[in-house]
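Engineer: Just passing along the structure, written as structure tokens.
The values are calculated or read from the model by the stated rules, or taken from the named source; none is laboratory data. Everything numeric here is computed off the predicted structure, so don't read it as measured data. Backbone-built Cβ (ideal geometry, glycine too); neighbour counts: all protein chains shown.
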């Protein structure tokens with residue numbers, strides 16, 4: 001029997017925690033849409049399933065467009081609350097908006 005090779009990284013041996021145990025929680029990634037930018041969730045950025053409005057983004061100029069075509073203003077949402085809304089596009093004019101990517 002051969003001895004374990006401790007020189008390999010954990011991900012190379014398949015023993016990384018997220019590989020062995022799965023990803024905990026509902027979301028595994030976050031995308032910050034900074035103030036003054038627009039971001040579209042298409043292609044490799046598809047799969048975000050929740051949004052959080054930052055403090056300065058709670059204004060009518062912040063727009064969160066859903067996959068189904070509806071749009072919300074930033075002032076329609078409570079700052080710091082996670083909303084289960086799948087964004088198609090976020091226009092963050094005055095503050096940051098965060099999108100959370102769902103576990104598949």
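Engineer: Please pick out the residue among 5, 55 that is at pLDDT below 90 and over 13 Å from the mean Cα position of the chain (by Cα). Outline the logic, then answer.
Structural biologist: Numbers: 55 fails: at pLDDT below 90.
Answer to the check: 5.
Engineer: Within the range 95-104, take every residue that is in contact (Cβ under 8 Å) with a residue 60 or more places away in the chain and assigned to a loop (DSSP other than H, G, I, E, B) and give me the one that is surrounded by the fewest Cβ atoms within 10 Å (Cβ to Cβ). Before you say what the answer is, go through the steps one by one.
Structural biologist: Start the filter on the range 95-104 by keeping residues that are in contact (Cβ under 8 Å) with a residue 60 or more places away in the chain, which leaves 95-103.
From what's left, assigned to a loop (DSSP other than H, G, I, E, B): 95-96, 103.
Values: 95: 20, 96: 19, 103: 13.
Result: 103.
Engineer: So in the range 46-58, with the set limited to residues that are assigned to a loop (DSSP other than H, G, I, E, B) and out of contact with any strand residue (DSSP E or B) (no Cβ under 7 Å at 6 or more places or on another chain), which one is farthest from residue 102 (Cα to Cα)? Let's see the steps before the verdict.
Structural biologist: First pass over the range 46-58, keeping only residues assigned to a loop (DSSP other than H, G, I, E, B): 46-47, 54, 58.
Add one more test, that the residue is out of contact with any strand residue (DSSP E or B) (no Cβ under 7 Å at 6 or more places or on another chain), and what stays is 46, 58.
Working: 46: 10, 58: 23 Å.
The selected residue is 58.
Engineer: Something else now. Can you say whether residue 61 is in contact with a helix residue (DSSP H, G or I) (Cβ under 8 Å, 6 or more places away or on another chain), on the phi < 0 side of the Ramachandran plot and part of a loop (DSSP other than H, G, I, E, B), as far as the supplied structure shows?
Structural biologist: Values: in contact with a helix residue (DSSP H, G or I) (Cβ under 8 Å, 6 or more places away or on another chain): yes; on the phi < 0 side of the Ramachandran plot: yes; part of a loop (DSSP other than H, G, I, E, B): yes.
So residue 61 fits the description; yes.
Engineer: Cβ contacts < 8 Å: first residue touching a residue at least 40 places away in the same chain (Cβ under 8 Å) and on the phi > 0 side of the Ramachandran plot, restricted to the range 32-58; second residue surrounded by fewer than 13 Cβ atoms within 10 Å (Cβ to Cβ) and not in a strand (DSSP E or B), any location; separation 6+ or different chain. Result?
Structural biologist: 47/104
Engineer: Further question: Provide a single number: the residues in the range 14-45 that are touching a strand residue (DSSP E or B) at 6+ places or on another chain (Cβ under 9 Å) and either within 23 Å of residue 65 (Cβ to Cβ) or surrounded by 13 or more Cβ atoms within 10 Å (Cβ to Cβ) (or both). Let's see the steps before the verdict.
Structural biologist: Taking the range 14-45 as the starting set, the residues that turn out to be touching a strand residue (DSSP E or B) at 6+ places or on another chain (Cβ under 9 Å) are 18, 26-42, 45.
Now narrow it down to the ones that are either within 23 Å of residue 65 (Cβ to Cβ) or surrounded by 13 or more Cβ atoms within 10 Å (Cβ to Cβ) (or both): 26-42, 45.
Result for the range 14-45: 18.
Engineer: While we're here: Can you tell me which residue is farthest from residue 33 (Cα to Cα) among those in the range 73-94 that are surrounded by 18 or more Cβ atoms within 10 Å (Cβ to Cβ) and more than 16 Å from the chain's Cα centre (by Cα)?
Structural biologist: Here the residue is 77.
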